[in-house]
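Report on the following structure.
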Amino acid sequence: ARGNPLYVISLVRALLEEHAELSAPALRRLPEGLTERMAARTRGADAAMRAVLDLLAVVDSPLPLADLVVLAGLSAERLDPVLATLITGRAVAESQRAGELVYEIQHPLIRDVIYQEISGARKRVLHRQVARALLERGRLGEAALHFARSAEPGDEEAVRVLLDAMRQAEQREAFRESLNLLAELIELLPATDRRWLDVLEAMYWQAEWVVDHRAEARAETAIRALRAIDGLLAGSPEVARQATVKFRLANFLAWGTGELAEAEQRSEERRVGKECRSR
């Protein structure tokens, strides 16, 4: 709400009406009155203005003018009057960062309303367009999340970029970022997909990964991924990798979700596997 008391009241009332969990508040849809108030700022936008608004809503972060020119497919000269009108109408905000002009939707609620109005098919097209542009500029982590939002299950390009981004995040020991990418892969890869073994190769397997993040809210994400990998390794001669996966899975089960019985089972499987290997 950014401090606007009317917005606060409207959002809290909507949360109560939806019986939302107030410790982690989220709405299925914005309240109708608030939606109408936000939509008023973009009413009357022509096709060029709507295209810019849609792009900024999909990007959901401040966008430099040079990037906006490329993504919108318009020259800076043609964009200038479009942006001027949107800024005057308080739909878009302009600022400078490191001497560079950047643009974003004026208010997060306006962004949500605009995003809700974009069709599902167009959202996928725009997210893929943004993803490829970011990838060309070397912004792999940002690009990967847009690829995920543009993809259907099994999408080869999206999975490849997500794996590259996860590998990079793991090497930087940015494990929260890695878990977010892992959550996207779970949505794209069935449990039986052999590409889970590529996910295994991307993971950083030092013990600190589990110790530092075992109580992480994303523990269930890690568990789902590790179960898929464990299933694919079943019966494999790669006993060492099996043991490592089972150890990590046991830790997340025990410390992340409290599933002690299964954690004990996985630990026992790891012990038996190691004994077989030593023989």
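The values are calculated or read from the model by the stated rules, or taken from the named source; none is laboratory data. For clarity, every value in this text was computed on a predicted model and none was experimentally measured. Glycine gets a Cβ as well: all are built from the backbone with ideal geometry, and neighbour counts include every protein chain shown. Only protein heavy atoms, including side chains, enter the accessible area calculation; ligands, DNA and RNA are left aside. Shrake-Rupley method; radii C 1.70, N 1.55, O 1.52, S 1.80 Å.
Of these, L189, L249, which one is closer than 21 Å to A165 by Cβ, open to solvent by less than 60 Å² (accessible area, probe 1.4 Å) and at pLDDT 75 or above? Lay out the reasoning, then the answer.
On the way: L249 fails: closer than 21 Å to A165 by Cβ.
After applying the criteria, what remains is L189.
For the structure I just gave you, tell me whether R124 is part of a helix (DSSP H, G or I), free of Cβ contacts under 8 Å to residues at least 40 places away in the same chain, open to solvent by 60 Å² or more (accessible area, probe 1.4 Å) and closer than 25 Å to D193 by Cα.
When the stated conditions are applied, R124 passes them.
Pairs, please: C-beta under 8 Å, at least 6 apart or cross-chain, first residue within 10 Å of A222 (Cβ to Cβ) and in the range 240-258, second crowded, with 23+ Cβ neighbours inside 10 Å and modelled with pLDDT of 75 or more?
What qualifies is R248/A222; R248/L226; L249/L226; F252/A222; F252/L226; G256/A222.
Counting just the residues of the range 7-44 that are touching a Pro at 6+ places or on another chain (Cβ under 6 Å) and of a type in the set (G, A, S), which one comes out most open to solvent (accessible area, probe 1.4 Å)?
It comes out as S10.
Can R2 be described as farther than 28 Å from R124 by Cβ and either in contact (Cβ under 8 Å) with a residue 40 or more places away in the chain or within 23 Å of the chain's Cα centre (by Cα) (or both)?
When the stated conditions are applied, R2 passes them.
Suppose the filter is surrounded by fewer than 16 Cβ atoms within 10 Å (Cβ to Cβ), under 24 Å from the mean Cα position of the chain (by Cα) and either closer than 26 Å to F147 by Cα or of a type in the set (K, R) (or both); does A131 pass it? Walk me through it before giving the result.
On the way: surrounded by fewer than 16 Cβ atoms within 10 Å (Cβ to Cβ): no; under 24 Å from the mean Cα position of the chain (by Cα): yes; either closer than 26 Å to F147 by Cα or of a type in the set (K, R) (or both): yes.
So A131 does not fit the description; no.
Can you name the residue in the range 60-77 that is small (G, A, S) and in a helix (DSSP H, G or I) and, of all such residues, is farthest from R128 (Cα to Cα)?
As a first pass, look at the range 60-77 and keep what is small (G, A, S): 61, 66, 72-73, 75-76.
Now narrow it down to the ones that are in a helix (DSSP H, G or I): 66, 72, 76.
Values: A66: 18, A72: 13, A76: 23 Å.
Looking at residues that are small (G, A, S) and in a helix (DSSP H, G or I), I get A76.
State whether one or more residues within the range 45-53 are surrounded by fewer than 16 Cβ atoms within 10 Å (Cβ to Cβ) and in a loop (DSSP other than H, G, I, E, B).
So far as the range 45-53 goes, yes, one or more of its residues are surrounded by fewer than 16 Cβ atoms within 10 Å (Cβ to Cβ) and in a loop (DSSP other than H, G, I, E, B).
Within the range 75-105, count every residue that is touching a residue at least 24 places away in the same chain (Cβ under 8 Å) and not aliphatic (A, V, I, L, M).
Narrowing the range 75-105 to residues touching a residue at least 24 places away in the same chain (Cβ under 8 Å): 78-79, 82-83, 85-86, 89-92, 95, 97, 100-105.
This time we only want the ones that are not aliphatic (A, V, I, L, M), so: 78, 85, 89-90, 95, 97, 100, 103-104.
Of the residues in that region, 9 qualify.
I want to confirm something. Restricting to the range 5-39 and keeping residues that are part of a helix (DSSP H, G or I) and touching a residue at least 60 places away in the same chain (Cβ under 8 Å), which single residue is nearest to Q106 (Cα to Cα)? Show your work before the answer.
Within the range 5-39, the first condition is being part of a helix (DSSP H, G or I), and the residues that meet it are 5-17, 32-39.
So of that shortlist, the ones also touching a residue at least 60 places away in the same chain (Cβ under 8 Å) come out as 7, 34-35, 38-39.
Details: Y7: 15, L34: 15, T35: 15, M38: 10, A39: 12 Å.
Among those that are part of a helix (DSSP H, G or I) and touching a residue at least 60 places away in the same chain (Cβ under 8 Å), it is M38.
Please specify each residue of the range 87-103 satisfying the condition of being open to solvent by 100 Å² or more (accessible area, probe 1.4 Å) and among the hydrophobic types (A, V, I, L, M, F, W, C). Spell out the reasoning first.
Applying the first criterion (open to solvent by 100 Å² or more (accessible area, probe 1.4 Å)) to the range 87-103 yields 88, 90, 96-98.
The one that is open to solvent by 100 Å² or more (accessible area, probe 1.4 Å) and among the hydrophobic types (A, V, I, L, M, F, W, C): A98.
I'd like to know if the range 84-106 contains one or more residues that are at pLDDT 85 or above, assigned to a helix (DSSP H, G or I), closer than 18 Å to S119 by Cα and hydrophobic (A, V, I, L, M, F, W, C). Spell out how you get there, then give the answer.
Applying the first criterion (at pLDDT 85 or above) to the range 84-106 yields 84-106.
From what's left, assigned to a helix (DSSP H, G or I): 84-88.
From what's left, closer than 18 Å to S119 by Cα: none.
No, the range 84-106 has no match at all.
Which residues, taken from the range 134-164, are within 22 Å of P62 (Cα to Cα), in a loop (DSSP other than H, G, I, E, B) and open to solvent by 40 Å² or more (accessible area, probe 1.4 Å)?
Residues of the range 134-164 that are within 22 Å of P62 (Cα to Cα), as a first pass: 134-150.
Next, from what is left, pick out any that are in a loop (DSSP other than H, G, I, E, B): 137-139, 150.
Passing the criteria: R137, G138, R139.
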